[in-house]
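So the structure is just underneath, and the comments pick up after that.
The values are calculated or read from the model by the stated rules, or taken from the named source; none is laboratory data. Everything numeric in this text was worked out from a predicted model, so none of it was measured. Glycine gets a Cβ as well: all are built from the backbone with ideal geometry, and neighbour counts include every protein chain shown. The accessibility values were calculated without ligands, DNA or RNA, using every heavy atom of the protein model including side chains. Shrake-Rupley method; radii C 1.70, N 1.55, O 1.52, S 1.80 Å.
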Amino acid sequence: MKFKVNGKEVTVDVPEDVPLLWVLREELGLKGTKFGCGKALCGACTVHVDGKPRRSCVIGAGDVEGKSVTTIESLADGDELHAVQKAWVEGNVLQCGYCQSGQIMQAVALLRANPEPTDDDIDAAMSANLCRCGTYPRIRKAVHRAAELMKEDT
């Protein structure tokens, strides 16, 4: 089956029900997307499918045939970090870091849909992405900072 990953068309020979997460990690070598719960409950595996955040641990490879998948690996433009990544670094959001690629992908989707989110908007959008280290206040602050950075870039 064929689909795009980070702007490049890929062909994989796997059963349609193999989770997209395993295709990304094992077939394509994109290790930035993490396995968390395997049941779409924690958000560690969040990627974008046709621009919308999706849990790659429960999407079959066949479900993305002909679609466009974006992973954390493609957010930066060369050495230039995406505004959300810059805000994450600036705000020292990371603790253990395991969930952060999913958190960042969810935040990017939020800011595309709502460039000026309130605290409530952020809490609602990010509530299904779990962080066992409890970095939620730093995540909220970083989302606000990323919104500022994105506004400055336009």
Skipping prolines and chain starts, which residues have an amide H placed within reach, meaning under 5 Å, of the one on residue 69, given they are 5 or more residues away or on another chain? 4, 5, 6, 7, 50
Tell me the label-point distance for the pair residue 14, residue 133, using the 7 Å Cα-to-Cβ offset, in nm and rounded to one decimal. 2.7
So, in Å, what gap is there between the alpha-carbon centers of the stretch 1-24 and the stretch 69-116? 22
Net charge contributed by nearby residues that have their C-beta within less than 13 Å of residue 142 (K/R +1, D/E -1): +2
Cross-link candidates for residue 86: which lysines have Cα within less than 24 Å, leaving aside residues fewer than 8 places away along the same chain? 31, 34, 52, 141, 151
About the Cα centre, charge dipole magnitude for the stretch 2-74 (Lys/Arg +1, Asp/Glu -1 at Cβ), debye: 360
Residue order for 150, 105 - accessible surface, 1.4 angstrom probe, largest first: 150, 105
Roll a 1.4 angstrom probe over the protein heavy atoms and tell me the percent of accessible area of the chain that is carbon or sulfur. 49
Over the stretch 83-153, relative contact order from alpha-carbon pairs under 8 Å, at least 6 apart, %: 52
Which loop-located trypsin sites (Lys or Arg not before Pro) does the stretch 1-57 contain, where loop means any DSSP state but H, G, I, E or B and the Cβ has at most 13 other Cβ atoms within 10 Å? 31, 39
Under Stokes-Einstein, with the Kirkwood radius over Cα pairs standing in for Rh, what whole-number D in µm²/s applies to the chain at 25 °C and 0.890 mPa s? 157
Nearest-10 value in Å² for the accessible area of residue 63, using the 1.4 Å probe: 90
Within the chain: Cβ-based charge dipole about Cα centre, in debye rounded to nearest 20 (Lys, Arg +1; Asp, Glu -1): 400
The answer for the stretch 83-153, accessible area per residue at 1.4 Å probe in Å², is 52
Pair residue 80, residue 113: separation of 7 Å Cα→Cβ label points (nm): 2.7
GluC sites (Glu not before Pro) lying in DSSP loop within the stretch 27-130, provided at most 16 other Cβ fall within 10 Å: 65
